[in-house]
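For reference, the structure is listed below as structure tokens.
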Amino acid sequence: MNKRSATVSGIQPLTPQQCRSARAILKWSQVRLAAKCGLSEGTIGSFESGRRIPSPAKLAAIRRGLEAAGVVFIDQKAAVTKSGPPRETISGT
């Protein structure tokens, strides 16, 4: 694993940029994402800043939290789809 992305068994990599982009699309703070994922704000902040890569279980929780809110990750991009085509896509690179 490198500092920019992490692969969780059975789950596609999640980069700090994708996480930040997905939060921006949802207009969520780090605090809100942390609450939705059952994690600390520090975990989210450390991951998004590139200081630390959370455990695979925590990365999976972050991804599940974002996906439950309608975020779809497509080839290093994050897009929100409630029902229908994505309204906005932000590059994860």
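Proximity of backbone amide H atoms, modeled 1.01 Å from N, is registered between residue 72 and 79, 80, 81 at under 5 Å, excluding neighbours fewer than 5 places apart on the same chain. Backbone phi angles across segment 57-62, fed through the Karplus curve with coefficients 6.51, -1.76 and 1.60 (θ = phi - 60°), yield HN-Hα couplings of 5, 6, 4, 4, 5, 4 Hz in residue order; Gly and Pro are listed as x.
All of the numbers you see were taken from the coordinates with simple rules; none came from a lab. Source: prediction; values computed, not measured.
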